[in-house]
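The values are calculated or read from the model by the stated rules, or taken from the named source; none is laboratory data. Since the structure is predicted, the reported quantities are computational estimates derived from the model, not experimental observations. Here the Cβ is made from the backbone with ideal geometry for all residues, glycine too, and neighbour counts use every protein chain on show.
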Amino acid sequence: MEKTADIVIIGGGIIGTSIAYHLAQKKAKGVVLLEKGMLGEGSTAKCAGGIRAQFSTEINLRFSLESLQTWNHFREIMGTELDFKKVGYLVLASSEEEWAVFQKSSDLQHQFGIPVELLSPREIQYRWPYLQGDDLQGGTFCAWDGYAGPYEALSGFTRGARRGGVKIFEQTEVLQILRDRDRVTGVRTPQGDMASPIVVNAAGPFAREVGKRAGVEVPVQPFRRQLFFTRPFSLIPDPIPLVIDYHRGWYFRREGAGLLISGPKDDFPSFNLNVDYEAMVEVARNSMHRVPIMEKVEIDRGWAGSYEISPDNHALLGEEPGLRGFFQANGFSGHGFQHSPAAGKALADLILGEKPIIDISCLSPERFKKGEMIREPLTAFKD
Ligand SMILES: Cc1cc2nc3c(=O)[nH]c(=O)nc-3n(C[C@H](O)[C@H](O)[C@H](O)COP(=O)(O)OP(=O)(O)OC[C@H]3O[C@@H](n4cnc5c(N)ncnc54)[C@H](O)[C@@H]3O)c2cc1C
């Protein structure tokens, strides 16, 4: 392994590989990515692949629009298939408060040119008759949304990064981030030290642990989310949109001939990745409430992954105050997959001293120290 690098990226998930790819695109030299296990084995492997333009803060909308440029043209750009299924996202509101916020968010989305439709319960029932809508106030639908394969995306970024000269080492855990007072000087791994003036923390749910290895507090915590997969199910149509029942924090979509159904999200942090039978009970209850015919569905298997949640559900993207050369690229709070193209591009710009493609100053890690958190109208929903 190299003894020196110009830029070291810690973490080989969708964020780390996107940063590596975009640095390579900009002809940056001496870029090294270190992954403690195998590429993509973290949250990226557990992700539902959701991609949407239905966000309610300006910065997330900008990230979605910029990322869509990549997702919509992935084959031409990367030379590999993404299988982006543009089935749309249908988001359902059950309370008046939720519906008021959805309407306000759609105003903002329209200002950005996003074709979000506001639908009454009757329209929802007409277009998707398998949904139970007695308790609905309304819903929003955006045909630009859908889902794609995280592994396909990750391998596209990885291949592009390698082609551009990025060196990638798996099974290489960063044990310590070396510093000289207020400057990063490199990383320590079991294979030896690597000197580098720039180190990027793209460790997803482990961002806080990696931060500690530099003596820095990174306010990102792992929260378990469970997902379940059913056996083939033909009693509802194919395709269907990705449907989010906001009130219940529940969503489902097609997965092959079967369905992918979201289970509960823990409300306390942990690295627990077990699947619970109680979670399956909740999944069954939520499914039968919204789609009564799903009482006939058979759950086949499930898995759990970690959301990497920041205190305001927005990413930390920028240089760490007080430690020059240490960049944060984490805390994407459940939408890191879909925002990885824009995040990778913007951070590559910033690292190389250029004006970022999106103004990411509001995502600076400094905001938490200054008490300038980003406000979202409703608690963010999680894909
Ligand atoms: C159930 C579930 C569903 C989701 N669905 C969606 C969705 O529909 N749409 C969406 O946009 N997002 C979704 N997400 C969120 C998305 O998966 C994450 O935001 C995204 O994968 C984060 O990518 P990452 O590269 O930051 O983290 P990760 O993929 O976790 O990568 C971080 C990597 O860092 C490595 N690492 C950690 N510590 C070290 C170290 N010390 N040294 C070296 N390497 C280290 C880890 O091994 C890991 O591979 C979902 C998440 C979950 C859990």
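Here are the numbers for this structure:
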read-out: Boolean, GLN226 is of a type in the set (S, T, N, Q) and surrounded by 23 or more Cβ atoms within 10 Å (Cβ to Cβ); value: yes
read-out: Residues located in the stretch 131-186, provided they are of a type in the set (D, E, K, R) and not in a loop (DSSP other than H, G, I, E, B); value: GLU152, ARG159, ARG162, ARG163, LYS167, ARG179, ASP180, ARG183
read-out: Residue that is surrounded by the fewest Cβ atoms within 10 Å (Cβ to Cβ) [pool: residues in the stretch 1-24 that are part of a strand (DSSP E or B) and within 12 Å of the ligand (Cβ to nearest atom)]; value: VAL8
read-out: Some residue of the stretch 244-252 being of a type in the set (Gly, Ala, Ser) and buried (at least 16 other Cβ atoms within 10 Å of the Cβ); value: yes
read-out: Criterion (under 25 Å from PHE84 (Cα atoms) and in the same structural domain as LYS27 (by TED's automatic domain parsing)) met by exactly one of GLY344, GLY325; value: GLY344
read-out: Subset of the stretch 159-203 (residues that are of a type in the set (Ser, Thr, Tyr) and within 12 Å of the ligand (Cβ to nearest atom)); value: THR172, THR189
read-out: Qualifying positions in the stretch 305-363 - small (Gly, Ala, Ser), more than 16 Å from the ligand (Cβ to nearest atom) and over 23 Å from GLN221 (Cβ atoms); value: GLY325, GLY353, SER361
